[in-house]
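S.K.: Here's a structure for you.
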Amino acid sequence: MKFRNLLLLVLSLFILSGCQSNQANKEVPSTYLDLTNGDFDIEDYWIRENKNEGEKYSLFFPDELAKRSLKGCAEVIFGINSEGKLTGYKPVYSYPGEYVATAAGAHMMTFKWAPGVMNPNRRPILAKAYFTFEMENGSRNEAGFKKNCEGGFPPASN
């Protein structure tokens with residue numbers, strides 16, 4: 001009976017030590033360099049791979065905007081881990097609805113990143129990005145778009 005208890009104790013300790021070693025390799029958001037408040041060039045820290053020069057189009061144009069012939073904008077905070085992958089995003093602002101920030105986040109999830117000159121150690125970061133979604137042939141919410149998406153951010157309230 002004593003041998004069985006000793007065997008269970010040793011097995012439990014072995015399993016717990018294995019779990020702890022996995023936890024040591026995981027990055028937590030508190031270790032990310034916060035670049036959300038300040039003047040910086042994100043490409044000093046992480047450079048988007050396979051970016052086409054002058055790229056203006058997203059494959060993730062919100063369906064709701066297209067159906068209703070609307071323009072929209074969104075600002076999101078996002079994280080890039082030490083492997084150059086987006087770890088998630090959080091909407092900060094989305095006009096005319098949350099679905100615009102969802103499309104911006106879906107677009108960003110396709111990006112891959114390489115470390116920039118100021119980030120040779122591949123430090124994970126938090127940063128902000130601003131997206132606009134515009135119709136080529138005009139929109140039904142031109143005035144609302146100008147008020148809520150142009151001329152600075154966040155939008156000025158009246």
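The values are calculated or read from the model by the stated rules, or taken from the named source; none is laboratory data. All of these numbers come straight from a predicted model, not from anything done at the bench. Here Cβ is always computed from backbone atoms with ideal geometry, including for glycine, and neighbour counts include all displayed protein chains.
S.K.: Could you look through the range 73-106, keep only residues that are among the aliphatic types (A, V, I, L, M) and crowded, with 18+ Cβ neighbours inside 10 Å, and pick out the one that is nearest to Phe60 (Cα to Cα)?
M.R.: The qualifying residue nearest to Phe60 (Cα to Cα) is Ala103.
Residues are listed down the side, and each one gets a yes or a no for (1) of a type in the set (Lys, Arg); (2) modelled with pLDDT under 95; (3) surrounded by 14 or more Cβ atoms within 10 Å (Cβ to Cβ):
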residue: Met108; (1), (2), (3): no, yes, yes
residue: Pro124; (1), (2), (3): no, no, yes
residue: Ala129; (1), (2), (3): no, yes, yes
residue: Thr132; (1), (2), (3): no, yes, yes
residue: Met135; (1), (2), (3): no, yes, yes
residue: Ala143; (1), (2), (3): no, yes, no
residue: Asn148; (1), (2), (3): no, yes, yes
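S.K.: For the range 79-133, how many residues are more than 10 Å from the chain's Cα centre (by Cα), farther than 16 Å from Ile42 by Cβ and in a strand (DSSP E or B)?
M.R.: Matching residues across the range 79-133 total 5.
S.K.: Of the residues that sit in the range 30-44 and are in contact (Cβ under 8 Å) with a residue 40 or more places away in the chain and among the polar types (S, T, N, Q), which one is surrounded by the fewest Cβ atoms within 10 Å (Cβ to Cβ)?
M.R.: In this case the residue turns out to be Thr31.
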